[in-house]
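Asks: I'd like to ask some things about the structure below.
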Amino acid sequence: MKITDKSQFKIGMKIRILTAPESWNPEVNGIRYQYPLNLKYPLEIEIEDIDTYNNKRYYYDFTDGKYSWCTVSAITAGCEIVEDSSTVSRFPFKLNANNCKIVVDIACNEWKEELIKAWGPDLLRYGYVTITEHCYVRMRKSCTVKQHTLFDDIFGRDIILPNYKNGDLLLVKNDGAWFIRYFSHFNKHNGDVFVYDGQKKEGHVSIVKSHKLAGFVLPD
């Protein structure tokens, strides 16, 4: 999705900058970052923080933790949202020989035979096995509790995102107290939930750990 307006930038969002921006601001919140002079484009980064200048939000900076960027320059250079999901982004997955042995050793006899037969040729030829998402899901469905823990260590934990959409009203818990906030977006890499500060439907966002749909709407 192409970014055409600075309000589209969100913390935790992964974006692709197509060409080198003509200008950028080297300071964000008083911290000086390196000028992004010798980077290769298209460049994919994840937005770590956004700084807003004045309440009308005419001017933005965002940083990926190393470089800072002027949003107007990024949009002019060409900028788009990188769409991915927590599961698809991991596959096809290269499983090295050591982890193949670990998976086979913990498998039941039926799965041992299937995996040895399926993985043997690639291990001998390449030294690793390419795991498709279909294969991974089949194995996961047959896992015991102990095997699930092992798979979490090797493949990463599966992230199930709540069925929220932008603008949904949530109850969020912070320091033991519940607050009302509007949902902004997910970080699809780790499942973090971002909500707009205060009871606003735009602007700066924050991460919340405890959350659920409010089940009601606020009056206008």
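The values are calculated or read from the model by the stated rules, or taken from the named source; none is laboratory data. Remember, it's a predicted structure, so these values are computed and weren't measured experimentally. Glycine gets a Cβ as well: all are built from the backbone with ideal geometry, and neighbour counts include every protein chain shown.
Asks: Show the residue pairs meeting these rules: Cβ distance below 6 Å; 6+ apart or different chains; first residue within segment 153-173 and without any contact (Cβ under 8 Å) to a residue 24 or more places away in the chain and surrounded by 15 or more Cβ atoms within 10 Å (Cβ to Cβ); second residue polar (S, T, N, Q) and assigned to a loop (DSSP other than H, G, I, E, B).
Replies: Note: no pairs meet the criteria.
Asks: Shifting gears a bit: Give me a count of the residues in segment 1-17 that are assigned to a loop (DSSP other than H, G, I, E, B) and within 16 Å of Asp64 (Cβ to Cβ).
Replies: The qualifying residues number 6.
Asks: I'm trying to understand the selection: among the residues of segment 108-164, which are polar (S, T, N, Q) and touching a Phe, Trp or Tyr at 6+ places or on another chain (Cβ under 8 Å)?
Replies: Result: Thr130, Thr132, Ser142.
Asks: Can you tell me how many residues within segment 15-38 are surrounded by fewer than 18 Cβ atoms within 10 Å (Cβ to Cβ) and at pLDDT 75 or above?
Replies: Count: 4.
Asks: Just checking: which of the strands (runs of 3 or more DSSP E) contained wholly in segment 121-220 hold 3 or more residues that are more than 20 Å from the chain's Cα centre (by Cα) and at pLDDT 85 or above?
Replies: Strands (runs of 3 or more DSSP E) meeting the threshold: 128-131, 169-174, 177-186.
Asks: Restricted to segment 195-210, and to residues that are under 13 Å from Asn166 (Cα atoms) and among the β-branched types (Val, Ile, Thr), which residue is surrounded by the fewest Cβ atoms within 10 Å (Cβ to Cβ)?
Replies: Val205
Asks: Might you let me know whether segment 103-126 holds any residue that is closer than 24 Å to Gly191 by Cβ and out of contact with any Leu (no Cβ under 7 Å at 6 or more places or on another chain)?
Replies: Checked segment 103-126: no residue is closer than 24 Å to Gly191 by Cβ and out of contact with any Leu (no Cβ under 7 Å at 6 or more places or on another chain).
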